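First up is the structure itself, then whatever we jot down about it.
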Amino acid sequence: MPERLSVKGLREAVQDCRGCELYRDATQGVMGDGRRDAALMLLGERPGDVEDQRGEPFVGPAGKMLDDALADVGIDPSDVFRTNVVKHFRWSGTRGKRRIHQSPSRAHVAACGPWLDAELRLVRPSGVVILGGTAGKAVYGASFKVGEARGKLREWPEAFLVERPPDWVLATTHPSAVLRADDRRSAYDDLVADLRIAARRARAG
């Protein structure tokens, strides 16, 4: 961990992370990206195939859908900070040329905890939007269920110790789940409805 926190410094430092074995099969570590003073942080699961190759979070199809949803609720996508609870891509096998995504384990999430803490200290967001069940479990524990928690404002849990916890948290589905949904239009509308709650809370300060 660099002594002086900066987006660039964290991006460079994570390349030397050996906290778990995921670095062996990943192209690179992928730290968060966005405004250093963003009021809103978006917290996903882990980088995907495209993110692993480009070294940036949320730049694949799910990221494009997230940008569209943010714009639909009046949030400029360039005004947020995006990151993941796990910083290296986990995959298992291939389908054609594309690597098959695999969810990280609790051990991987725990190993990456100091990186998320550093990002929260750096950005100091007022609010965090949790995208999907893996990120939710990382923050709130194994009992978290995104279907039950989504769309509800809550506090950052005391059990997840960070130096600068956000003022509020809202959970919703991960945009990749929207892409996989049978009724994509309805799933997208639900994502937008959740983000609209976050947008109103963020504007309220």
Counting pairs of alpha carbon atoms under 8 Å apart in space and at least six apart in sequence, what relative contact order in percent does the chain give? 22 percent
Once you have all Cα-Cα distances for region 105-205, histogram them in 10 Å bins from zero and send the whole-percent values. 15, 45, 33, 7, 0
Which order do the peptides 171-177, 16-22, 115-121, 143-149 come out in when sorted by mean C-beta neighbours inside 10 angstrom, highest first? 171-177, 115-121, 16-22, 143-149
Averaged over every viewing direction, what's the projected area of the C-alpha convex hull for the chain? Give it in nm², one decimal, please. 10.8 nm²
Pair SER78, ARG106: separation of 7 Å Cα→Cβ label points (nm): 4.3 nm
When you take every Cα atom in region 66-141, what is the radius of gyration, and what is Dmax, the widest Cα pair distance, in Å? 14.6, 42
Log entry: pair-distance distribution for region 1-43, C-alpha pairs binned every 10 Å from zero, whole % per bin is 25, 47, 26, 2
Suppose only helical runs count, i.e. DSSP H with n ≥ 4. What mean residue ellipticity at 222 nm does that imply for the chain under -39500 (n - 2.57) per run, divided by all residues and rounded to the nearest 500 deg cm²/dmol? -11000 deg cm²/dmol
The ³J(HN,Hα) series, computed from each phi in region 164-174 with the Karplus coefficients 6.51, -1.76 and 1.60 at θ = phi - 60°, rounded to the nearest Hz and given as x for glycine or proline, is 10, x, x, 6, 8, 9, 9, 9, 8, 6, 6
Hits in region 163-205: amide N under 17 Å from the 7 Å Cα→Cβ extension of LEU153, namely 166-172, 193-205
Which FRET efficiency value, to the nearest 0.05, do you get for GLU21 and ALA181 by plugging their Cβ-Cβ distance into 1/(1 + (r/R0)^6) with R0 = 41 Å? 0.80
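Every number here is computed from the coordinates shown, using simple stated rules; none is lab data. Nothing here was measured: the structure is a model prediction, and the numbers come from that model. Cβ coordinates were reconstructed from backbone atoms using ideal geometry, including for glycine residues, and neighbour counts include every protein chain displayed.
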